[in-house]
Amino acid sequence: MKRTKIAQVLSAGQPEETHQICGWVRTRRDSKQGFSFIEMNDGSCMHGLQVIVDADVPGFSEIHKLITTGASLRVAGKLQESPGKGQRVEMLATEIELFGTADADTYPLQKKRHSFEFLREIAHLRPRTNTFGAITRVRNVLSAGVHNFFQERGFNYIQTPVITTSDCEGAGEMFQVTTLDLERLAQVKTEIDFSQDFFGKKASLTVSGQLEAEIFACSVGDCYTFGPTFRAENSNTTRHLAEFWMIEPEMPFYDLNDNMELAEEFIQYLMKTVLEKAPADLEFFNQRIEKTVLETIHQIAETPFERVPYTTAIEILTSCDEKFEYPVEWGNDLQSEHERFLTEKHFKKPIILFDYPRSIKPFYMRCNDDGKTVRAMDVLVPRIGEIIGGSQREERLDVLEARMKECDLDPEEYWWYLDLRRFGSVPHSGFGLGFERIVQLVTGMQNIRDCIPFPRTPKNASF
Ligand code: ATP
Ligand code: MG
Ligand code: MG
Ligand code: MG
């Protein structure tokens, strides 16, 4: 069955051309004169195509009443100029075929606004709504943009393992993987040893592919990962998921400044990509979801990011008039309210904070000579807060070993990582960008759960 996608019809179709389209009914209106207006959508773009079906189109009278919101159809016909506003063309049907009905009493997606909470409960149907169709397309445009950015710069795309033994972030947020039959074991044993349960070893789902990506950066040069990442965070915030996608570039011979430059260029590239490739979807988000979205995207795309040492940020936060829920103190990590104050009220643009206290950062970050800070950087953007975390990596074997001990890590477990410093160690850097946070930023969606096809959160892990 050859069909033209509705996006194609609307953007390039000419009057008098014949096309066949397939899709789902948004609405049907019947005129007194005996013909019907059917708005059809196939998910290829935001807008539907208006189809006019005359009563004498073969077979139409038999299926007419079954053409309700959500029913699926094939329509062939001729394009004609549309007298209505906003659309160049409409279709005059010559053939119509009903594939599947959608009972008006039970189909949940009737033509009205549904709450996002409700739509999360029907994650299998929500991509049919305008909002989730647009989010899906924007995710797609951004994914392609991620690969294009790195491919254009000669980076290698590396697939790092999902099952791993290293807790790279040291935050204790790992999901453990087990091969044990827990139900059966529970019947015969009262205590189960979880420390050796993956074929006799301990293993978990990855919280970051960074350490493995470093192997490749220190062998083939610039590389990046783009894959699912898991964190057992019971945090129930609007910006945390238990499963999210992370992009992690890792570059040899990069210091922290080079790293900041790449991070800024990358975010700006993604903003420009989405402006260029998804203008109609962005217009929709700006009108219906968050009226500052377009302005924010333009601003991020065009304004140089401010670079601010962590210590300066703490001074700003402690001397301002704003009342914060969480205390600000040198040595504490910033909370989202602090990040938002800095980006939205103080600097009014994206910022890159760097040189964080070493006590709140993982073992692998390059120690500064002051003995107190590490070459860490976080990129913060308005409305979201942290979108990137990164650092220059510690390349000195003795310092790294000492840091691991300080962080209560067993250097023997990381023998392979230490080998990268033992043999031909090089200065290098990298960062991680949360893909859903970028989606949240450009769509204006309030909740990150609506920025991924299948959200996994403490309360939801069904299909
Ligand atoms: P946060 O402070 O928001 O918890 P983090 O500092 O724990 O983030 P990193 O370990 O620095 O996160 O991970 C790199 C990036 O991955 C973050 O900057 C963020 O964009 C994204 N990220 C981290 N945790 C999550 C999560 N649970 N859900 C979605 N994205 C996340
Ligand atoms: Mg976190
Ligand atoms: Mg953080
Ligand atoms: Mg971070």
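Which net charge results for the neighbourhood of Gln14, defined as the other residues with beta-carbon distances under 13 angstrom from its beta-carbon, given Lys and Arg at +1 and Asp and Glu at -1?
Numbers: positive: Lys78, Arg88; negative: Glu16, Glu17, Glu81, Glu90.
Within the 13 Å Cβ shell, the charges total -2.
Quick one: Karplus J couplings for the range 103-111, per residue in order, coefficients 6.51, -1.76, 1.60, θ = phi - 60°, nearest Hz, x for Gly and Pro?
So the J values, rounded to whole Hz, are 4, 4, 7, 10, 5, x, 9, 6, 6.
Just the Cα atoms of the chain, one point each, no solvent: what log10 I(q)/I(0) does Debye give at q = 0.10 Å⁻¹?
Rounded to two decimals, the profile gives -0.85.
Using helices alone, what [θ] at 222 nm do you get for the chain, with -39,500 (n - 2.57) per DSSP H run of 4 or more residues, divided over all residues and rounded to the nearest 500?
On the way: 14 runs with 139 residues, N = 463.
So the calculated ellipticity at 222 nm is -9000 deg cm²/dmol.
Among Met246, Val374, Asn130, which residue has its Cα positioned farthest towards the positive end of the charge dipole of the range 126-451, with +1 placed on the Cβ of Lys and Arg, -1 on the Cβ of Asp and Glu, and the dipole taken about the Cα centre?
The residue sitting most towards the positive pole is Asn130.
Taking the Cβ of each residue in Arg340, Arg153, Arg422 as the centre, tally the other Cβ atoms inside 10 Å and list the residues starting with the fewest.
Working: Arg340 18, Arg153 15, Arg422 10.
So the residues, fewest neighbours to most, are Arg422, Arg153, Arg340.
Could you size up the charge dipole of the range 344-405 around its Cα centre, putting +1 on the beta carbon of Lys and Arg and -1 on that of Asp and Glu, and report it in debye to the nearest 20? Don't jump to the answer; show the numbers that get you there.
On the way: 13 positive and 10 negative charges, 48 e Å.
Result for the range 344-405 is approximately 240 debye, rounded to the nearest 20.
Which whole-Hz ³J(HN,Hα) couplings does the range 338-346 yield from phi under the Karplus relation 6.51 cos²θ - 1.76 cosθ + 1.60, θ = phi - 60°, glycine and proline marked x?
Once θ is set to phi - 60°, the couplings for the range 338-346 become 6, 5, 5, 4, 5, 7, 8, 10, 7 Hz.
Suppose each label sits 7 Å from its Cα in the direction of the beta carbon; what would the Glu276-Gln299 distance come out to in nanometres?
2.4 nm
Taking the Cα centre as origin and putting +1 on Lys and Arg beta-carbons and -1 on Asp and Glu beta-carbons, what dipole magnitude results for the range 6-100, to the nearest 20 debye?
Values: 9 positive and 12 negative charges, 74 e Å.
It works out to roughly 360 debye.
Mind listing the phi-derived Karplus ³J(HN,Hα) values for the range 42-54, rounded to whole Hz, using 6.51, -1.76 and 1.60 with θ = phi - 60°, and x for any glycine or proline?
Ordered by residue, 3J(HN,Hα) equals 10, x, 7, 7, 5, 7, x, 9, 7, 10, 10, 10, 7 Hz.
Which entries of Lys111/Lys272; Lys32/Lys111; Lys5/Lys272; Lys272/Lys323; Lys5/Lys32; Lys201/Lys405 have Cα-Cα distances beyond 28 Å here? Mind dumping the intermediate values first?
Numbers: Lys111/Lys272 33 Å; Lys32/Lys111 22 Å; Lys5/Lys272 25 Å; Lys272/Lys323 35 Å; Lys5/Lys32 30 Å; Lys201/Lys405 22 Å.
Table pairs above 28 Å Cα-Cα are Lys111/Lys272; Lys272/Lys323; Lys5/Lys32.
If packing is taken as the average number of other Cβ atoms within 10 Å across a peptide's residues, how do 317-330, 371-384 rank, most packed first? Spell out each step's value before the answer.
Details: 317-330: 11.4, 371-384: 21.6.
Highest-to-lowest ranking by the protection proxy: 371-384, 317-330.
Calculate, in nm to one decimal, what Arg288 and Glu62 gain on full extension: separation in residues at 0.36 nm each, minus their alpha carbon distance.
Numbers: separation 226, 0.36 × 226 = 81.36 nm, distance 3.76 nm.
Gain in length upon complete extension: 77.6 nm.
How about the range 401-463: which GluC sites (Glu not before Pro) there are in a DSSP loop, with at most 12 other Cβ atoms within 10 Å of their Cβ? Please list the in-between numbers first.
On the way: sites: Glu401, Glu406, Glu412, Glu413, Glu436; in loops: none.
Hits after loop and neighbour filter: nothing returned.
Looking at Pro228, Phe285, Val141, which one has the Cα that reaches farthest to the positive end of the dipole of the chain (charges on Cβ: Lys, Arg +1; Asp, Glu -1)?
Sorting the options by dipole projection puts first Phe285.
Can you tell me the relative contact order of the chain? Whole percent, Cα pairs under 8 Å, sequence separation 6 or more.
Details: 847 pairs, mean separation 58.3, N = 463.
Relative CO of the chain lands at 13 percent.
Under a point-charge model restricted to the Cβ atoms of Lys and Arg (+1) and Asp and Glu (-1), what is the dipole moment magnitude of the range 126-451 relative to its Cα centre, in debye to the nearest 20? Provide the component values of the computation, followed by the final result.
Values: 35 positive and 54 negative charges, 208 e Å.
The dipole of the range 126-451 has a size of about 1000 debye.
If the cut-off is 12 Å between C-alpha atoms, which aspartates and glutamates fall inside it for Lys202, apart from same-chain ones fewer than 8 positions away?
Counting by Cα, and skipping residues close in sequence, Lys202 has these aspartates and glutamates nearby: Asp167, Asp193, Glu413.
From the square roots a ≥ b ≥ c of the eigenvalues of the alpha-carbon gyration tensor of the range 193-257, which class results: rounded (a/c under 1.5), prolate (a/b over b/c), or oblate?
Details: a/c = 2.97, a/b = 1.37, b/c = 2.18.
In terms of gyration-tensor shape, oblate.
Within a Cβ distance under 14 Å of Ser425, other residues only, what is the Lys/Arg minus Asp/Glu net charge? Can you show the working numbers first?
Numbers: positive: Arg366, Arg393, Arg396, Arg421, Arg422; negative: Glu214, Glu394, Glu395, Asp398, Glu401, Asp419.
Around Ser425, the surrounding residues sum to -1.
Between rounded, prolate and oblate, where does the range 1-141 land on the alpha carbon gyration tensor, with a ≥ b ≥ c its root eigenvalues, rounded for a/c under 1.5, else prolate if a/b exceeds b/c?
Numbers: a/c = 1.93, a/b = 1.29, b/c = 1.50.
It is oblate, given that a/c is not under 1.5 and a/b is not larger than b/c.
Values in this text are rule-based calculations from the coordinates and carry no lab data. All values reported here derive from a predicted model rather than from experimental measurement. Counting neighbours? That spans all protein chains shown, and the Cβs are built from the backbone with ideal geometry, glycine included.
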